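Here's the structure we're looking at; comments come further down.
Read the figures in this text as sums done on the coordinates, not as results from a lab. These numbers come from a predicted model, not from an experiment. Cβ coordinates were reconstructed from backbone atoms using ideal geometry, including for glycine residues, and neighbour counts include every protein chain displayed.
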Amino acid sequence: MNYNFQQFEEKLSQLQLTLTDRMKEQFAVYYDMLCEWNKIMNLTTIIQFDEVVEKHFVDSLALGAYLELKDHCTMIDIGTGAGFPGIPLKIVYPELNVLLVDSLNKRVRFLEEVIQKLYLTGITSVHGRAEELAHKNEYREQYDLCVSRAVAHLASLSEYCLPFVKMGGTFTAYKSADISEEIEQSKKAIQILGGKINRIEKFQLPETEYGRSFVIIDKVRHISKKYPRKSGTPGRCPLQ
Ligand code: SAM
């Protein structure tokens, strides 16, 4: 199908990002697949093209305006669901090396098909819980950047995410505008998990009233092998 990319391009231009024809084609195929697979599984409640652009694609890509996404940087997306933010970031930053993680196998099957249909290389998906994968040598402290959107409270999320980050790397949580209380509640957990809050970037999604925050956390120390605790524990009993 032909979609009108004008709004998408205008919003991205405010983030100093541009789309090539190939990228537009990839976003169109991705959007078609989201609509198609959404009929048989729960991928997104938002389905109208302009809304998907605004709340999924632009929101995912906004990170590029606040963090330098270096060539060949390794990135892991924890709890990626239908691929947010990992797939839009991979489309616009094709040099990124990406691993998409989700605990729901049918979503991972969807992601495998997206990767194939969009002819993406340097990106894979894995089915599993962060708490278990983070104890495997092939994943632990292997990534320059860990991102995660709409998965858990920052204290639990830090326990899912920081173990994957290399020393000197970064974990960035996509959060809503009002984040101060959550930050207060998570400071201890972040410290125990070898992280240090670098900064919090607050912004408005272009041409909307939706406020968002990026919580940018540096990995400054190695983490005790006992973290993350066993599956379900970080969510039920966040470190504090
Ligand atoms: N990040 C996507 C987005 O922003 O649209 C999906 C958000 S969805 C609300 C949360 C996703 O996280 C679900 O797909 C769920 O299966 C996954 N998830 C929750 N806990 C997880 C864990 N411990 N390890 C891996 N994936 C997890």
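Odds and ends about this structure:
- From the list Y119, Y139, the one residue that fits, being buried (at least 18 other Cβ atoms within 10 Å of the Cβ), more than 9 Å from the ligand (Cβ to nearest atom) and over 16 Å from P85 (Cα atoms), is Y139.
- If only residues of the stretch 127-136 that are assigned to a loop (DSSP other than H, G, I, E, B) and touching a residue at least 40 places away in the same chain (Cβ under 8 Å) are counted, the one that is nearest to the ligand (Cβ to nearest atom) is R129.
- Only listed residue being without any contact (Cβ under 8 Å) to a residue 60 or more places away in the chain and under 30 Å from D50 (Cα atoms), chosen from I192, I179: I179
- For the stretch 51-86, the candidate set comprises residues that are outside any loop (DSSP other than H, G, I, E, B), in contact (Cβ under 8 Å) with a residue 40 or more places away in the chain and within 10 Å of the ligand (Cβ to nearest atom); within that set, the residue that is surrounded by the most Cβ atoms within 10 Å (Cβ to Cβ) is D77.
- Positions within the stretch 156-175 being of a type in the set (A, V, I, L, M), closer than 17 Å to P85 by Cα and either out of contact with any Cys (no Cβ under 9 Å at 6 or more places or on another chain) or surrounded by fewer than 24 Cβ atoms within 10 Å (Cβ to Cβ) (or both), in sequence order: L157
- Some residue of the stretch 99-106 being part of a helix (DSSP H, G or I) and of a type in the set (A, V, I, L, M): no
- Residue within the stretch 168-181 that is under 15 Å from the mean Cα position of the chain (by Cα) and more than 23 Å from E68 (Cα to Cα) present: no
- Single match in V114, V98 (criterion: within 15 Å of the ligand (Cβ to nearest atom) and farther than 20 Å from Y66 by Cα): V114
- Count of the stretch 124-147 residues which are closer than 13 Å to I223 by Cα and of a type in the set (D, E, K, R): 2
- Of all residues in the stretch 138-154, those that are within 21 Å of T45 (Cα to Cα) have Cβ atoms under 6 Å from Cβ atoms of residues that are assigned to a strand (DSSP E or B), 6 or more apart or on another chain, in S148/I78; S148/A173; R149/Y174.
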